[in-house]
């Protein structure tokens, strides 16, 4: 027969593990929502850009990369302040998302300049 105290401890550990997993999922969902919101704001700002802007494509790429880097750093800092530790994989994902957003922004500006 199994020990009731051991079973109770196992149940407690399992409940704690599940709670931690759920908290992590909520945190990831919150961060994804924040990133999505920031990307939407960036898209709105891009639409508001004047067509004959004096900024060069290289300068736009540099600015977009700097903004993406800042977003990734802010996200990493926010995760560090939470209860969960930030893994290298999560950092890489955040940087990749930020870089993709920067590339899209630069491409949109380049297209806008070609058409303008």
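The values are calculated or read from the model by the stated rules, or taken from the named source; none is laboratory data. What you see is a predicted model, and the numbers here were worked out from it, not measured in a lab. Positions of Cβ are backbone-derived with ideal geometry, glycine not excepted, and every protein chain shown enters the neighbour counts.
Please find, among 92, 96, 70, the residue that is under 15 Å from the mean Cα position of the chain (by Cα), modelled with pLDDT of 80 or more and under 30 Å from residue 26 (Cβ atoms).
70
Is region 27-48 home to any residue that is at pLDDT below 80, over 14 Å from residue 102 (Cα atoms), assigned to a loop (DSSP other than H, G, I, E, B) and out of contact with any strand residue (DSSP E or B) (no Cβ under 6 Å at 6 or more places or on another chain)?
Within region 27-48, not a single residue is at pLDDT below 80, over 14 Å from residue 102 (Cα atoms), assigned to a loop (DSSP other than H, G, I, E, B) and out of contact with any strand residue (DSSP E or B) (no Cβ under 6 Å at 6 or more places or on another chain).
Enumerate the pairs (first residue in region 63-85 and more than 14 Å from residue 100 (Cβ to Cβ); second residue anywhere and at pLDDT below 75 and loosely packed, with under 11 Cβ neighbours inside 10 Å) with beta-carbon separation below 9 Å, excluding pairs fewer than 6 apart on the same chain, so at least 6 apart or on different chains.
Short answer, once both residue conditions are applied: 79/85.
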